[in-house]
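Have a look at the structure below, then the notes.
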Amino acid sequence: MNISFDQSKRRFIQEYGDVKFEKLCQKVKDSNALVKLTGLTVNKGLPPIATDFLLSANSIFYVASKFDMAVSVMAALIMLNIWNEKVNSLYQLISVQHLNVVTQQIAARWI
């Protein structure tokens, strides 16, 4: 996707391991939050902002129950990545440059 996503993914895997990353990916992919966010985007024709991805990710029980900012941020980045592949690639609502900005805005929450 982009450098910020790749850096965050590497950092997450370094700290938590591949298994937790893959589990988090699966939880995000299977979530109603992702369906709701992509549905709203398609219906309204408006791209979500960084806060939308963070709020959606934190509405996933698995993510919220961890009380861990790294998990929340990585879940939001995974959600953004999936949204980009499934929605933005089709409707082209935001440019690659804007996508990088949103990614950086999300990743910046991980202190």
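A short reminder: the numbers here are calculations on the coordinates, not readings from a lab. For clarity, every value in this text was computed on a predicted model and none was experimentally measured. Reconstructed Cβ throughout: ideal geometry from the backbone, glycine too, with neighbour counts over all protein chains shown.
Over 25 Å between C-alpha atoms is what I'm after, so list which of LYS29/LYS66; LYS23/LYS86; LYS23/LYS44 land there. Correct reply: LYS23/LYS44.
What you get for the chain, charging only the Cβ of Lys and Arg (+1) and of Asp and Glu (-1), is a dipole of about 120 debye around the Cα centre.
Farthest toward the positive end of the dipole of the chain, out of LEU24, GLN92, SER8, is the Cα of LEU24, where the dipole comes from beta carbon charges about the Cα centre. Counting only alpha carbon atoms, the long axis of helix 32-44 and the longest principal axis of the chain meet at about 20°. The percentage of C-alpha pairs in the chain whose separation is greater than 17 Å is 48%. With R₀ fixed at 35 Å, the C-beta to C-beta distance from VAL96 to SER65 puts the FRET efficiency at about 0.55. Summary value for the chain: 35 percent relative contact order, contacts being C-alpha pairs under 8 angstrom separated by 6+ residues.
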